[in-house]
Amino acid sequence: MKKIIETFELTKYYGKHLGIKDINLSVHEGEIFGFIGSNGAGKSTTIRTLLGLINASSGKAEIFDKEISKNKEYILSHIGYMPSESNFYGDMRVGEVIKYSSQLRKLNCDEEAKKLVDRFELDAKKKISELSLGNRKKVNIVCAMQHKPKLYIFDEPTSGLDPLMQREFWDLVKERNKEGATVFLSSHILSEVQHYCHRAAIISNGSLVMTSAISEIIKSMAKRIVITGISSDFYVEGIKNLKVNGDVASFLYSGDINMILRELSKTEVKDLIITEPDLDEIFMYYYERSETR
């Protein structure tokens, strides 16, 4: 499968302060790839290094099989980038900003821009200074997507959007992905990553903790078990994050399920629920584990 993004031991220091270290990452053509981590974990540093906005301290990054430091103009011309914060010239009107963005690329995107402006309910005549945070985010979406690039790189794309516009954004992402575009996005909203991304990487303290398909990340994790009707001293090796409320116990379990069943056969259980954990639990599990290393 063709790789659209690939990094090799990508490292960035800000003086003595570590930004990211030894990031080895690959994003395949046609993927929606999630990049998840807490604030300060290294998500934005990775993205800015990928785009050549800051220079790596060591290692290298390639996009479209071209090294970013040597082919920046070509690479950026085929990317739609949305930063986490939306900053524009306050005295410019929405339509002027969108037009200016397309002119910088030497493209005429008027038709597609109008569709997106209507879709996201923007007033093209309003000044940027008059817009709310959510509406500035919408302008950012239009600027990043009006030229229909091969690759989208989004940094916290839905922050500031109301739920209806978040859904509209994801509908648009899915449409562009079906047309063949690749999407790389950072997010702290784990439900979004779980629902829309094909694969994801977890980053903590500037280092990758794991990279895998969303389905495989969930399958590899312990089961979430909720039992009603057991004593508070119930314990089986392999139990993690045990929480007891009255006669209801919930925990993650990564051992042999038969051991749990054998122990439960000794008691009168009122109810038993075994489910896959959600991505929030998995993220916290790996994040906490990386913190203790």
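Within the range 255-274, not a single residue is within 24 Å of S204 (Cβ to Cβ) and either open to solvent by 40 Å² or more (accessible area, probe 1.4 Å) or modelled with pLDDT of 75 or more (or both). When you scan the range 1-112 for helices (runs of 4 or more DSSP H) that lie fully inside it, which ones turn up with 1 or more residues that are in contact (Cβ under 8 Å) with a residue 60 or more places away in the chain, open to solvent by 10 Å² or more (accessible area, probe 1.4 Å) and on the phi > 0 side of the Ramachandran plot? Qualifying helices (runs of 4 or more DSSP H): none found. Looking across the range 139-165, the residues that are within 20 Å of I189 (Cα to Cα) and open to solvent by less than 20 Å² (accessible area, probe 1.4 Å) come down to N140, I141, Y152, I153, F154, D155, P157, T158, L161, M165.
The residue pairs whose first member lies in the range 113-133 and is over 10 Å from G95 (Cα atoms), whose second member is open to solvent by less than 20 Å² (accessible area, probe 1.4 Å) and hydrophobic (A, V, I, L, M, F, W, C), and whose beta carbons are closer than 6 Å, counting only pairs six or more residues apart or on different chains, are L116/V142. Residues that are at positive phi and at pLDDT 95 or above within the range 122-167 comprise just one, K148.
The values are calculated or read from the model by the stated rules, or taken from the named source; none is laboratory data. Everything numeric here is computed off the predicted structure, so don't read it as measured data. Methodologically, a virtual Cβ is constructed for each residue, glycine included, from the backbone with ideal geometry; neighbour enumeration extends over all protein chains shown. Just the protein is used for accessible areas: all its heavy atoms, side chains included, with ligands, DNA and RNA removed. Shrake-Rupley method; radii C 1.70, N 1.55, O 1.52, S 1.80 Å.
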